[in-house]
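Worksheet: the structure to be examined is printed underneath.
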Amino acid sequence: MQTFILASQSPRRKTLLEWAELPFEVMVSASDEQYPLELSIEKVPEYIAQNKAIAVHAKIKETGLFKADQCIIAADTIVVLENKILGKPVSRLDAIQTLQSLSGKSHKVITGVALLNNGELHCFSETTEVVFHPLTQEQIEFYVDKYKPFDKAGAYGIQEWIGVVGIKSIIGDFYNVMGLPVSKLLQIIKQLGIA
């Protein structure tokens with residue numbers, strides 16, 4: 001029986017895999033989220049996801065829990081505004097400024113996914129375009145203070161209040177913006193004959 005390991009602490013990714021009814025366990029290991037500066041923006045999340053998968057694979061081998069039928073799923077999500085990557089906010093002010101920069105504009109959310117199965121690495125990414133309505137300062141501060149989006153790229157979670165009141169439109173996979181293009185993931189797992 002194939003077993004899946006989610007190499008992520010993200011509660012959103014965990015929820016999405018649960019909704020997909022894919023049996024999995026969570027295991028995380030610290031990995032470097034730096035990337036080569038010459039890498040194209042589209043490839044950055046795949047590169048980071050790949051490092052996460054490799055780090056968890058190494059941790060499993062160290063603990064002696066490695067089994068041949070384990071498939072590691074790792075992901076990384078970035079928000080891109082005007083060809084610039086917006087990371088996770090480091091402070092309240094940073095979160096407010098990030099949302100101010102997204103207000104009334106279109107941006108891209110790119111999630112890179114790495115599958116590590118039987119020593120073979122398979123990577124892919126998904127891009128969704130998101131457009132915000134103009135946001136008031138009051139809306140931005142309310143959201144940041146109540147929802148504290150400090151663990152989220154771009155300082156927002158589409159599934160939260162800000163998504164309901166602030167998102168004008170999305171083109172592409174909604175769940176990709178939550179952090180995992182789960183439909184595409186399941187299709188690729190099937191194509192690879194892993195499940």
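The values are calculated or read from the model by the stated rules, or taken from the named source; none is laboratory data. A quick note: this is a predicted structure, and the numbers were derived from the prediction, not measured. In this analysis, Cβ positions are derived from the backbone assuming ideal geometry, glycine residues included, and neighbour counts consider all displayed protein chains.
Taking each residue of segment 22-51 that is in contact (Cβ under 8 Å) with a residue 60 or more places away in the chain and looking for partners that are part of a loop (DSSP other than H, G, I, E, B) with beta-carbon atoms closer than 7 Å, six or more apart or interchain, yields Ile41/Asn83; Val44/Tyr35; Tyr47/Tyr35; Tyr47/Leu39; Ile48/Glu33; Ile48/Tyr35. Screening segment 6-19 for residues that are surrounded by 15 or more Cβ atoms within 10 Å (Cβ to Cβ) and at pLDDT below 95 and picking the one that is nearest to Pro181 (Cα to Cα) gives Arg12. Listed here are the strands (runs of 3 or more DSSP E) enclosed by segment 91-195 that have at least 1 residues being crowded, with 17+ Cβ neighbours inside 10 Å and without any contact (Cβ under 8 Å) to a residue 12 or more places away in the chain, and there are none.
On the stretch given as segment 137-149, residues that are closer than 12 Å to Asp94 by Cβ and either modelled with pLDDT under 95 or not hydrophobic (A, V, I, L, M, F, W, C) (or both) total 1.
The residue list Ala30, Ala49 contains one member that is under 17 Å from the mean Cα position of the chain (by Cα), modelled with pLDDT under 95, of a type in the set (A, V, I, L, M, F, W, C) and closer than 19 Å to Lys152 by Cα, which is Ala30.
Quick one: would you say Pro45 is out of contact with any helix residue (DSSP H, G or I) (no Cβ under 7 Å at 6 or more places or on another chain), under 19 Å from Val80 (Cβ atoms), surrounded by 18 or more Cβ atoms within 10 Å (Cβ to Cβ) and not hydrophobic (A, V, I, L, M, F, W, C)? Spelling it out, Pro45 is indeed out of contact with any helix residue (DSSP H, G or I) (no Cβ under 7 Å at 6 or more places or on another chain), under 19 Å from Val80 (Cβ atoms), surrounded by 18 or more Cβ atoms within 10 Å (Cβ to Cβ) and not hydrophobic (A, V, I, L, M, F, W, C).
The set of residues in segment 10-27 that are closer than 21 Å to Phe150 by Cβ and assigned to a loop (DSSP other than H, G, I, E, B) contains only Ser10.
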